[in-house]
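Student: Sending over a structure as structure tokens; questions will come in a sec.
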Amino acid sequence: MELVTTTLSFTELRERYREATIVVVPLQDAANQAGVTTLLEAMSVERPVAILSENSLEHALLSLGCLIAG
């Protein structure tokens, strides 16, 4: 596991997604659509995504829906 705390270029970020075994998206309640870009970027390079939040049932169902939708 690696926590990236520096700013990456889009090229570096894309390579990090491609090299990842899984992408973890930790979420907390927010008024905006936080995490959606990360989810879509990870899915665009065909990487599995784990969504972690306080509302785990809702996000577990969302993850299951993504798996079923393919």
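Student: Please list, in chain and number order, the residues 5+ apart from VAL24 or on another chain whose amide H is under 5 Å from its amide H, with Hs placed from the backbone.
Tutor: Counting only residues 5 or more places away or on other chains, the set is ALA50.
Student: Note down the nm distance, to one decimal, between modelled labels 7 Å out along Cα→Cβ at ASN32 and at LEU61.
Tutor: Taking the two extended label points, one gets 2.7 nm.
Student: So which GluC sites (Glu not before Pro) in the range 6-57 pass both tests, a DSSP loop state and at most 14 other Cβ atoms within 10 Å of the Cβ? Before the final figure, lay out each step's value.
Tutor: Numbers: sites: GLU12, GLU15, GLU19, GLU41, GLU46, GLU54; in loops: GLU46, GLU54.
The qualifying sites are GLU46, GLU54.
Student: Give the shape of the chain as rounded, prolate or oblate, defined through the alpha-carbon gyration tensor: a ≥ b ≥ c are the square roots of its eigenvalues, a/c under 1.5 means rounded, and otherwise the shape is prolate if a/b is larger than b/c and oblate if not. Before the final figure, lay out the partial values.
Tutor: Details: a/c = 1.97, a/b = 1.36, b/c = 1.45.
Oblate shape, in that a/c is at least 1.5 and b/c is the bigger or equal ratio.
Student: Can you tell me the accessible area per residue over the chain, all protein chains present, probe 1.4 angstrom, in square angstrom? Walk me through the numbers on the way to the answer.
Tutor: Values: 5780 Å² over 70 residues.
Value returned for the chain: 83 Å² of accessible area per residue.
The values are calculated or read from the model by the stated rules, or taken from the named source; none is laboratory data. Nothing here was measured: the structure is a model prediction, and the numbers come from that model. Positions of Cβ are backbone-derived with ideal geometry, glycine not excepted, and every protein chain shown enters the neighbour counts. Side chains included, ligands, DNA and RNA excluded: accessible areas come from the protein's heavy atoms. Shrake-Rupley method; radii C 1.70, N 1.55, O 1.52, S 1.80 Å.
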